[in-house]
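The values are calculated or read from the model by the stated rules, or taken from the named source; none is laboratory data. Keep in mind that what you see is a predicted model, and the values were worked out from it rather than measured. Every residue, glycine as well, gets a Cβ built from its backbone with ideal geometry; the counts of neighbours run over all protein chains shown.
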Amino acid sequence: MKDFVLRNNEYHLWATNLLYQSIEKLSDDEYRKDLGLFFKSIHGTLNHLLVVERVWFSRLSGEVYVPKSLAEELETNRDNLKEQLQIHIEKWNVWIQNFDESNWQNAFHYKTMRGFEAELLYCDVVQHNMNHRTHHRGQITAAITHLGGVAPEIDYVYYLQSLGK
């Protein structure tokens, strides 16, 4: 299980880096334009991803991080935001490598952002985080093509093929 989860996290770093190759070709106006996404712009969506990375990672690492909102702007600078997203994906690698393999099916207890007690299996927390990344990368690729750009091919199978699998 650990190898599978690590491979999936590495995929997310690979996909994020490819996505940024397309994002970096956008003007700042295009990057920040309200395109009707749930978090309005590409910038807003990337900030949301960082907020959620911090929320779930802090829960799992025993820290306390409660954002003002899921749309909170943590980074105004494009380059800093990219760096922070990459750092958080790398933090997950360390957490996964150090996670006791026998605990994947155990319950993880946490407080929701609304203050309610909740419980998920550790494997489901990690899977949720990875699905969340994929969901919003999909929105961003649609936004890039809407702006006339070329979105990268970032399906998981392309990652595996890049590894020669």
Cβ pairs under 9 Å, 6+ apart or interchain, first in region 98-118 and under 14 Å from Met1 (Cα atoms), second in a strand (DSSP E or B) and modelled with pLDDT of 95 or more, ordered by first then second residue, are Trp104/Leu121; Gln105/Leu121; Asn106/Leu121
Do we find a residue being assigned to a helix (DSSP H, G or I) and within 19 Å of Asn47 (Cα to Cα) anywhere in region 91-103?
yes
In the set Asn93, Asn80, the lone residue that is more than 30 Å from Gly148 (Cβ to Cβ) and polar (S, T, N, Q) is Asn93
Here the residues within region 111-122 that are modelled with pLDDT under 95 and either assigned to a helix (DSSP H, G or I) or surrounded by 10 or more Cβ atoms within 10 Å (Cβ to Cβ) (or both) are Lys111, Thr112, Met113
Only one of Phe99, Phe116 is over 27 Å from Leu18 (Cβ atoms) and over 18 Å from the mean Cα position of the chain (by Cα), namely Phe116
Scanning region 23-56 residue by residue, those of a type in the set (D, E, K, R) and either under 13 Å from Arg137 (Cβ atoms) or in a helix (DSSP H, G or I) (or both) turn out to be Asp28, Asp29, Glu30, Arg32, Glu53, Arg54
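Here's the yes/no breakdown for (1) among the polar types (S, T, N, Q); (2) exposed (fewer than 15 other Cβ atoms within 10 Å of the Cβ); (3) in contact with a Gly (Cβ under 8 Å, 6 or more places away or on another chain); (4) within 18 Å of Glu117 (Cα to Cα):
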| position | (1), (2), (3), (4) |
| --- | --- |
| Glu53 | no, no, no, no |
| Phe57 | no, no, no, yes |
| Ser61 | yes, yes, no, yes |
| Val64 | no, yes, no, yes |
| Lys68 | no, yes, no, no |
| Glu73 | no, no, yes, no |
| Trp92 | no, no, no, no |
| Ile96 | no, no, no, no |
| Ser102 | yes, yes, no, no |
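Is it the case that Gly138 is assigned to a loop (DSSP other than H, G, I, E, B), out of contact with any strand residue (DSSP E or B) (no Cβ under 7 Å at 6 or more places or on another chain) and either of a type in the set (Gly, Ala, Ser) or closer than 22 Å to Pro67 by Cβ (or both)? Give the steps one after another, and end with the answer.
Working: assigned to a loop (DSSP other than H, G, I, E, B): no; out of contact with any strand residue (DSSP E or B) (no Cβ under 7 Å at 6 or more places or on another chain): yes; either of a type in the set (Gly, Ala, Ser) or closer than 22 Å to Pro67 by Cβ (or both): yes.
Against the criterion (assigned to a loop (DSSP other than H, G, I, E, B), out of contact with any strand residue (DSSP E or B) (no Cβ under 7 Å at 6 or more places or on another chain) and either of a type in the set (Gly, Ala, Ser) or closer than 22 Å to Pro67 by Cβ (or both)), Gly138 does not qualify.
Of Tyr65, Tyr20, which residue is aromatic (Phe, Trp, Tyr), at negative phi and not in a helix (DSSP H, G or I)?
Criteria check complete, one pass: Tyr65.
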Restricting attention to region 75-86, the residues that are surrounded by fewer than 16 Cβ atoms within 10 Å (Cβ to Cβ) and either in a loop (DSSP other than H, G, I, E, B) or modelled with pLDDT of 95 or more (or both) number exactly 5
